Amino acid sequence: MTAERTEVVVGTTDLVVGGMTCAACVNRVEKRLARIEGVSATVNLATGRARVLHPSHVTTEDLVSAVERAGYSAQVPAPPEPAQDRTPSAGTGGSPGGEERRRLLITALLSVPVLALSMAPALQFRNWQWLCFVLAAPVAVWGSLPFHTRAVRGLRHAAATMDTLVSLGVVASFSWSAYALFLGGAGDPGMRMPFSLLPSAGGEVAHIYLEAAVGVPLFVLTGRFLESRARRGTGEALRSLAGLAAKDVTVREDGRERLVPIGQLRVGQEFVVRPGERVATDGVVASGGSAVDLSLVTGESEPVEVGPGQAVVGGAVNAGGLLIVRATAVGADTQLARITRMVTEAQSGKARAQRLADTVAGVFVPVVLALAVTVLGFWLGAGAEPQAAVTACVAVLVVACPCALGLATPTALLAATGRGAQLGLLVSGPRALETLRHVDTVVLDKTGTLTTGRMTVARVTAVPDGMGRERALWLAAAVEQGSEHPLGRAVVAYARQEPPLGPPAEVTGFRATAGIGVTGVVDGHRVEVCAAGADLHPSLDRALAEAEAAAHTPVLVRVDGADQALIALGDVLRPGSYRAVDRLRRLGVEPVLATGDREATAVRVAAALGIRDVHAHCSPEEKARLVRELRVQGRRVAVIGDGVNDAGALAGADLGIAMGSGTDVAIGAADVTLVRGDIEAVADAVELARRTLRTIRANLVWAFGYNVVTVPLAAVGLLNPMVAAAAMSVSSLMVVAHSLRLRTWQPAPHARRARTSSRTRGTGR
């Protein structure tokens, strides 16, 4: 019997979903896609996009068909537009199109006279109600057509959404008014109608509610127009990142220059970057020197000096001289593209609170419809006049819109992840934000994290009667050429400055052991460059003690199994390390130092920074074990690292944070990446996460609280349908506006510096 093969998820597809207006729509699309075996989807109302995980046998056409069966449109996103063409595409939260603006403008022109005459009895003249009826008819039919269309579409698919509520409210108000005019005596030429914010009934003549029939669509259309513009603001940071990409590049070949589209640039080609121009793509400076402004890419506040052999990032601005750059990555492989991709993926996720809100919204609309029918029946059964019953029913339909629920989390995430990218913080998604907020312990690596990682050789001590200092250094540099570790790079750089002993020899049998060192065969000799242990050649004991006393890292060079030299390397602390540790403590986060370095070096670094918990001689396995032990103790652990030896600990922690200057393995295992390589950004990330989660909670409290208060008022007849429509629109706008505040958020030290600078300018000093 053959075992049944299990299909695994191998595909991720993004779809632009059209026609969604509330959290109930989101819930319906997700459920419809989940009906396909092996498929799971996350739909974002603010961006209008769905991220779908699916097995290999499920095609894009299958996914699109599923969305269309739910009553919505779907398509694969169009390729990114050129930087100069910033027109937003549909479904991305862009500004409203011309059709929506025209509909809103015409609806407003027709509705304003109706509202004025209905709300101001002094303006009412003979037959004024018939003029209002003529003006209201196009609004109730054409102006409200999007609501009617989507409501009917939902009805065909047995679905009820916000559009269903609005459509029923408009139809009920207009139909009752038509009945009152033609059959209820309200069509008398001399009829006058007082206006009240509260529903009113009574008298021999039936009241008309044409102001509700035009006010509901007018306020909802206006709310959606303003909401769309505000939602576009939450994604402005992501569009700014996309706008950094160059459209054309000046390529230099055979001493000649020519301008070509960026898509034609290939890895290895050289291109020119003149002062004031953007670096077209990631590369290495071939010739020239300048200062480049990385603020828009990595959040680096000061321009960075670059010269031949140094890397530059696409999107950076050349602030000085002429640069000739050799491309090392193009298209989707560039750092700017990776940053944009990470931000986009982060914005497609959902926080746990939003999943709860979407679940509630999925049953909310049917409950509201049932409640509206119940209110209508109760009022009629209690002997109330039909117009009072209809008024209460319409008010319930209109006021109970779950728009704010659907926007509470995605708009905050859009603003927060975009702001984070501007500050050099890349967050993988809502889960990382939620975890970051609760972190109480941070495990820090030393080299490349707390220190600059730019090690320099302080001293080389050779064994007497050995092969000599220069020969041992040359062999060590030869084998270290294949290492990515900062210690290895420092040895190679130092050896190049020494009197040359010939070109570097070829290395065979190269092997790097994380946390221990490298080995290889050079010029017929087995060369080991590894951490210095206790069992050393007696002549190196003193050099080892001096290195440890100076907080240097001792590295042993062993050739053919015999100790030949001890290399002492020093590193300096990053300028922001002191402030970062202090700020983390103030935020209630305890720092722990875990390094593969020697204990004396680790203790000195920890003492300088005020770190009390120190773990030295940590192998990658021991770092991962330390993380597990801390988690068993009930701590919420984040790990910060930049090398291959940190990848296991990063993956095993509650939250992994990688330095942007680190290896791809470390970045791939992390949940948060510090693009600008500044350790102080960790505290910024914690503050941003806490601010974002507070914003989301406040949004959800408002969204739920709004319905808790307004629905009962509407049910008991204390809310005019027109006022209900205005309140519903305002609730969504308030949620979006509250999220937009995250776009201007500043970390505490930056805010203090800004205020100080402002006061200094104000006093003229």
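The values are calculated or read from the model by the stated rules, or taken from the named source; none is laboratory data. Because the structure is a prediction, the values reported are computed rather than measured. Note that each Cβ is placed from the backbone with ideal geometry, even for glycine, and that neighbours are counted across all protein chains shown.
Side notes on the structure shown:
- Where a residue in region 562-576 is more than 24 Å from residue 466 (Cβ to Cβ) and its partner, wherever it lies, is surrounded by 20 or more Cβ atoms within 10 Å (Cβ to Cβ) and of a type in the set (D, E, K, R), with Cβ under 7 Å and at least six apart: 576/678; 576/680
- For residue 329, the conditions (1) modelled with pLDDT under 85; (2) within 28 Å of residue 15 (Cα to Cα) are fulfilled apart from (1).
- Test: residue in region 502-511 that is crowded, with 21+ Cβ neighbours inside 10 Å and under 47 Å from the mean Cα position of the chain (by Cα): no
- Counting only strands (runs of 3 or more DSSP E) that sit completely within region 485-568, those holding 3 or more residues that are over 21 Å from residue 623 (Cβ atoms) and not β-branched (Val, Ile, Thr) correspond to 525-531.
- Restricting attention to region 107-140, the residues that are assigned to a helix (DSSP H, G or I) and out of contact with any helix residue (DSSP H, G or I) (no Cβ under 8 Å at 6 or more places or on another chain) total 5.
- Of all residues in region 443-465, those satisfying the criterion of being of a type outside the set (Gly, Ala, Ser) and closer than 17 Å to residue 605 by Cα are 443, 444, 445, 446, 447, 449, 450, 451, 452, 454, 455, 456.
- Among the residues of region 18-41, the ones that are surrounded by 21 or more Cβ atoms within 10 Å (Cβ to Cβ), among the aliphatic types (A, V, I, L, M) and assigned to a helix (DSSP H, G or I) come to 5 in all.
- Residues (under 25 Å from residue 454 (Cβ atoms) and free of Cβ contacts under 8 Å to residues at least 40 places away in the same chain) located in region 547-558: 556
- Boolean, residue 316 is modelled with pLDDT of 80 or more, out of contact with any Leu (no Cβ under 8 Å at 6 or more places or on another chain) and not β-branched (Val, Ile, Thr): no
- Among the residues of region 1-17, those identified as at pLDDT 85 or above and either part of a helix (DSSP H, G or I) or among the hydrophobic types (A, V, I, L, M, F, W, C) (or both) are 15, 16, 17.
- Considering region 49-59, and only residues there that are over 25 Å from the mean Cα position of the chain (by Cα) and surrounded by 14 or more Cβ atoms within 10 Å (Cβ to Cβ), the residue that is nearest to residue 17 (Cα to Cα) turns out to be 58.
- Strands (runs of 3 or more DSSP E) enclosed by region 364-481 - at least 2 residues per element that are under 30 Å from residue 586 (Cα atoms): 425-427, 441-444
- Output for region 459-489, where each listed residue is of a type in the set (Ser, Thr, Tyr) and either under 13 Å from residue 530 (Cα atoms) or modelled with pLDDT under 90 (or both): 483
- Test: residue in region 251-271 that is of a type in the set (D, E, K, R), modelled with pLDDT of 75 or more and under 30 Å from residue 418 (Cβ atoms): no
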